[in-house]
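Inspection log for the structure reproduced underneath, given as structure tokens.
The values are calculated or read from the model by the stated rules, or taken from the named source; none is laboratory data. All values derive from a computational prediction rather than experimental measurement. All Cβ positions, even for glycine, are placed from backbone atoms using ideal geometry, and neighbour counts span all protein chains on display.
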Amino acid sequence: MKSYIIPEFLVERDDHHCIRCEVCVRQCAFDVHRYDEEEDEVFAHEDKCVGCLRCVTLCPTNALVVRDNPTRVPANANWTREVLHNIYKQAETGGVLLTGMGCDKEYRNYWDRITLDASQVTNPSIDPLREPMELRTYLGSKPDAVEIGGGRGRHELETRLAPQLRLETPIMFSALSYGAISYNTCECLARAAAEVGTCYNTGEGGLHRDLYRYGGHTICQVASGRFGVHADYLEAAAALEIKIGQGAKPGIGGHLPGEKVSEEISRTRMIPKGTDALSPAPHHDIYSIEDLAQLIYALKEATGWQKPVSVKIAAVHNSAAIASGMVRAGADIIALDGIRGGTGAAPTMIRDNVGIPIELALAAVDARLREEGIRNRASVVVAGGIRSSADVVKAVALGADAVYIGTAALVALGCHVCQKCYTGKCNWGIATQDPYLTKRLNPEVGTRRLVNLLTAWSHEIMEILGGMGINAIESLRGNRLRLRGVGLTREELDMLGIKHAGA
């Protein structure tokens, strides 16, 4: 069948600079480049190009340029190029449209519409180069009050505290499953988390045995498919997370194609090699808050009540009510994932049209838990579109205890957000199980890049806090008086619980 889809990208090659080294041919997993020995020329199949820029980045003579195809369908505000492209593709394949990464629609990004208040004279700023700044964060249930005992100058805490997850920075690596990402990527995340003093999340793919040594910095997920869940897995973790949903695909399950289920992934996930890993949409043992409470209790019993248990949901319109039930069910941590949350594979229509921005969900959940007097009984972690240290600070001021970053971490490793993770042909060695491709991500280099990212963000957070006259991150948590909105409606300001700039 003749395809009516116009190539998205043009590949331009400068023959005066091209030395026929064939680096582009070897580096492209999508077979865009082809070398003709007889003609001594390199040709490009532009209809296969996904815009990952691997060839451009590694071309030794800078002979390549990949740019958007300027050819456009007739201008139409309703029937855009993307809409036509999707219809053509489904007419040619009869399949569901798939994509990777997070929602790229032009929904309002509230982080960019929120500013932070700074200190000047009456509340002077703090110089983080000369004064101590505290970013350490503890995730877990806190008591309503504590009792201090002891005598003759001795002070001892008599109140028994619930298990806490200690983070040296309020930034963790989000759930990225082994299978969706390569082993080298998992290793980079684990090693970087251990070096910085934070945590990474296994996602629903289980934990490779070689990574158990990083268990003190690992959050092990228990998802609907129960892939890789066994006693040793639970014991290895610093914390456990029950995944109910995720921001990129609320209300639906997961799918890892059988061609990505290698021998190692088969062993880790405890499924036959080469079979599709299908996780159902719901947990078939959770249909009520009471059912959730039973699973939380079971996980705590199985680990001797030594590990905090988190429950992760997608940000939806009734997140606040759900979160309240989760806290009362015994969850120590509430994880909220917004509509801009990334994924390895999701139906395009689900990713782009289901769920709400994380900023609105966070504000609603924090307000609801405070109104009910149970905010201290669970920490709140948010994910879905956290792109910078400023986003982290704004999230904390809106009520988060910490944040998850996923896409930002992958970008630090080299990802160019081409949104073709589901093909398994990631040219950067990240979202692939192809041994030839996975070798492109050096764990030593990748670890250093992630450590550098978190170190830089942590320094910036301390600078921002100092400029606000705050010397501890927990002093900002939920302090919405330090936030101001710009260009937001009265209804949006009320939902976020902040004032307009200048007020």
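Identify the residue in the range 185-227 that is in contact with a Ser or Thr (Cβ under 6 Å, 6 or more places away or on another chain) and of a type in the set (A, V, I, L, M, F, W, C) and, among all such residues, is surrounded by the fewest Cβ atoms within 10 Å (Cβ to Cβ). Applying the filter and picking the extreme gives Cys220. Consider Thr159 carefully, then state whether it is assigned to a helix (DSSP H, G or I) and of a type in the set (Val, Ile, Thr). When the stated conditions are applied, Thr159 does not pass them. Inside the range 195-240, residues that are among the basic types (Lys, Arg) and farther than 24 Å from Val451 by Cα make up a count of 1. Report the residue count in the range 306-320 for those that are part of a loop (DSSP other than H, G, I, E, B) and surrounded by 13 or more Cβ atoms within 10 Å (Cβ to Cβ). Going through the range 306-320 one residue at a time, the tally reaches 4. Where strands (runs of 3 or more DSSP E) fall entirely within the range 1-88, those with at least 1 residues that are surrounded by 16 or more Cβ atoms within 10 Å (Cβ to Cβ) and in contact (Cβ under 8 Å) with a residue 60 or more places away in the chain are at 9-13.
One line per residue, one yes/no per condition, for (1) free of Cβ contacts under 8 Å to residues at least 12 places away in the same chain; (2) more than 27 Å from the chain's Cα centre (by Cα); (3) loosely packed, with under 13 Cβ neighbours inside 10 Å:
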site	(1), (2), (3)
Leu98	no, no, no
Glu106	yes, no, yes
Asp112	yes, no, no
Thr122	yes, yes, yes
Gly140	no, no, no
Pro143	no, yes, yes
Arg154	yes, yes, yes
Pro163	no, no, no
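Are any of the residues in the range 371-381 of a type in the set (Asp, Glu), surrounded by fewer than 24 Cβ atoms within 10 Å (Cβ to Cβ), closer than 30 Å to Pro257 by Cβ and over 20 Å from the mean Cα position of the chain (by Cα)? No.
Residues of the range 78-114 that are among the β-branched types (Val, Ile, Thr) and under 21 Å from Cys418 (Cβ atoms): Thr80, Val83, Thr93, Val96, Thr99. Of all the criteria given as (1) assigned to a loop (DSSP other than H, G, I, E, B); (2) buried (at least 20 other Cβ atoms within 10 Å of the Cβ); (3) among the charged types (D, E, K, R), the one not satisfied by Asp285 is (2). Scanning the range 196-255 for residues that are under 13 Å from Lys307 (Cα atoms) and small (Gly, Ala, Ser) gives Gly215, Gly216, Ala236, Ala237, Ala238, Ala239. Within the range 1-32, the set of residues being in contact with a strand residue (DSSP E or B) (Cβ under 7 Å, 6 or more places away or on another chain) and farther than 17 Å from Asn69 by Cα comprises Cys18, Arg20, Glu22, Cys24, Val25. Scanning the range 190-246 for residues that are acidic (Asp, Glu) and more than 18 Å from the chain's Cα centre (by Cα) turns up Glu195, Asp210, Asp232, Glu235. Among the criteria (1) assigned to a helix (DSSP H, G or I); (2) closer than 30 Å to Ala364 by Cβ; (3) out of contact with any Gly (no Cβ under 8 Å at 6 or more places or on another chain), the one Leu292 does not fulfil is (3).
Test Asp337 against the stated conditions and say whether it is at pLDDT 95 or above and surrounded by fewer than 24 Cβ atoms within 10 Å (Cβ to Cβ). In short, no.
Which members of the range 342-358 meet the condition of being closer than 20 Å to Ala409 by Cβ, of a type outside the set (Lys, Arg) and in a helix (DSSP H, G or I)? Scanning the range 342-358 gives a single hit, Ile358. Of all residues in the range 126-138, those that are assigned to a loop (DSSP other than H, G, I, E, B) and surrounded by fewer than 16 Cβ atoms within 10 Å (Cβ to Cβ) total 6. Candidates Thr275, Thr343, Thr268: the one that is touching a His at 6+ places or on another chain (Cβ under 8 Å), under 26 Å from Thr99 (Cα atoms), β-branched (Val, Ile, Thr) and assigned by TED's automatic domain parsing to the domain that holds Leu362 is Thr268. Looking at the range 188-271, the strands (runs of 3 or more DSSP E) lying wholly inside it that each contain 1 or more residues that are out of contact with any helix residue (DSSP H, G or I) (no Cβ under 9 Å at 6 or more places or on another chain) and of a type in the set (A, V, I, L, M) sit at 218-222, 239-243. Restricting the first member to the range 195-215 and to residues that are free of Cβ contacts under 8 Å to residues at least 60 places away in the same chain, and the second to residues that are surrounded by fewer than 17 Cβ atoms within 10 Å (Cβ to Cβ), the beta-carbon pairs closer than 7 Å and six or more apart or on different chains are Gly197/Glu168. Condition test on Glu92, is it part of a helix (DSSP H, G or I) and farther than 30 Å from Gly487 by Cβ? When the stated conditions are applied, Glu92 passes them.
So that you can scan it fast, the table gives a plain yes or no per residue for (1) closer than 21 Å to Gln419 by Cα; (2) in the same structural domain as Lys420 (by TED's automatic domain parsing); (3) at pLDDT below 95:
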{"residue": "Lys2", "(1), (2), (3)": "no, no, yes"}
{"residue": "Asp47", "(1), (2), (3)": "yes, no, yes"}
{"residue": "Cys55", "(1), (2), (3)": "yes, no, no"}
{"residue": "Leu58", "(1), (2), (3)": "yes, no, no"}
{"residue": "Pro70", "(1), (2), (3)": "yes, no, yes"}
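In the range 170-186, the residues that are within 11 Å of Thr343 (Cβ to Cβ) form Cβ pairs under 6 Å with partners that are of a type in the set (Gly, Ala, Ser) and assigned to a strand (DSSP E or B), at six or more places apart or across chains, as follows: Ser174/Ala383.
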